[in-house]
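The values are calculated or read from the model by the stated rules, or taken from the named source; none is laboratory data. Note that the structure is predicted; figures quoted are calculated from it, not measured. Glycine also receives a Cβ, built like all others from the backbone with ideal geometry; neighbour counts cover every protein chain displayed. These accessible areas exclude ligands, DNA and RNA; they are computed on the full protein's heavy atoms, side chains included. Shrake-Rupley method; radii C 1.70, N 1.55, O 1.52, S 1.80 Å.
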Amino acid sequence: MSASAARRGLCFTAAAVALLAAATAPPDGAAHEAEAWPVGVWSCLLYGTSGDLRFYLELAGHGAARIARATETEKGEWRSLGVWRRARDRIEFDDPLNGRFFVADGRRADLGGTWLGSGDRGGWWCTPTAYAVDDEPPSIAGLLPVLVPAVMASPRYPLSAIREAKEGRTVSCFAVTGAGEILRPEVVETTDDVFRGPTLEAVAGSRYRSWGSDDEALPACRSFTFELRAGG
Amino acid sequence: MRRFLLVASLAALVSAASAQPDSRSVFGTRTPLLAAGADAIRAGRYDDGIRLTIQGLESEPVSPRLKAAALANLCAAHAAKGEADVAIDFCDESVELDPRNWRAYSNRSYAYWQKGMYAEATADIDVAASLAPGAPQIREIRGLINEKTLLPRVTMENRQ
């Protein structure tokens, strides 16, 4: 495909996304307010069956959404995602290049939720950065730290779930400060509410090794699989 | 927690012992001793219930089905007293008379559970569940069995 054809394709995709956004935006037109949550630059984590990915996400007050993975960040570039939109209690945007549709629960303090792709799905979680919208992406160094668990507390298996032979899965996401403390844990996915409490208790009792300064925070998630096997 | 479970399981058994929401409707006016025995067991007066039920079986006219119900009640009362072996004997007799009496299977399951015979307890509770799928007593006893036989495991994975 020639460069001009590729540009045309991108323009078409952007136009299609813009139309979709127009169709789903609230009729009052107040979908985006400058400076209002979630406008800003976010440090994000995406997880799924195909692996995990760190990236920066920029949500501008005028509705534009841009992403920078390590490759774009290294070049100091953003890649456009089209527009983000607010629909009831949700924040939504598309990544047309990777065919992913992102949804965030707009009632949370942090930004994150689930994503759906063709044949794949997962979750994502973001912590705010101090960077301003319309700047270059933040330093790639912010995407590289490896978070090493220092204490991983195990959740208790709820007795009521054992008695009812219930198995399940949860995912909790949170922010990890430079000192390794876990902040604002949330349950992003759960197959059954009975596992929610033990998941949050376990996360609250965990911590990571320090990896940076106190004023920084990285998003992280932890999945829990609750299983029962015959043995008594 | 253990105390709670015991109380819960006994409650299930007492409920099972009562045979029906109103035990008199099962045993009828022609079998007042059996009805009084069922009421006593339901009220937790197991010794009285056992005595009255045995008297009723000896003196009142009972069909095989009613006799099976009374034996299931004796099974429940002895199980509630922690006398699992005696309970199992009564339940065996009850099942032989009426193989569709789910309470006898349920009560015997609880007695097997008391003895740590979980495979037998599971087999009986499965039969009880097939005969009375919605009975809360069955769910209660299956919970007790699951608690002893299922090993929980939680695996964690960090995503970053």
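Listing for the model above:
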{"item": "Identity of the residue in the range B:135-160, within 7 Å of another protein chain (Cβ to nearest Cβ) and of a type in the set (D, E, K, R), that ends up nearest to residue A:45 (Cα to Cα)", "result": "B:159"}
{"item": "Residue match in the range A:156-178 (condition: in a strand (DSSP E or B), more than 11 Å from chain B (Cβ to nearest Cβ), in contact with a Ser or Thr (Cβ under 8 Å, 6 or more places away or on another chain) and closer than 30 Å to residue B:145 by Cα)", "result": "no"}
{"item": "Residue list for the range A:36-51, filter: of a type outside the set (Gly, Ala, Ser) and either in contact with a Pro (Cβ under 8 Å, 6 or more places away or on another chain) or open to solvent by 40 Å² or more (accessible area, probe 1.4 Å) (or both)", "result": "A:37, A:41, A:42, A:44, A:45, A:49"}
{"item": "Scan of the range A:52-76 for residues that are open to solvent by 30 Å² or more (accessible area, probe 1.4 Å) and small (Gly, Ala, Ser), ordered by number", "result": "A:70"}
{"item": "Residues (more than 23 Å from residue B:143 (Cβ to Cβ) and not in a helix (DSSP H, G or I)) located in the range B:82-117", "result": "B:98, B:99, B:100"}
{"item": "Qualifying residue in the range A:198-215 (condition: assigned to a helix (DSSP H, G or I), within 9 Å of chain B (Cβ to nearest Cβ), closer than 24 Å to residue A:46 by Cβ and out of contact with any helix residue (DSSP H, G or I) (no Cβ under 7 Å at 6 or more places or on another chain))", "result": "yes"}
{"item": "Search result, residues across the range A:118-170 that are closer than 30 Å to residue A:38 by Cβ, open to solvent by 70 Å² or more (accessible area, probe 1.4 Å) and modelled with pLDDT of 95 or more", "result": "A:169"}
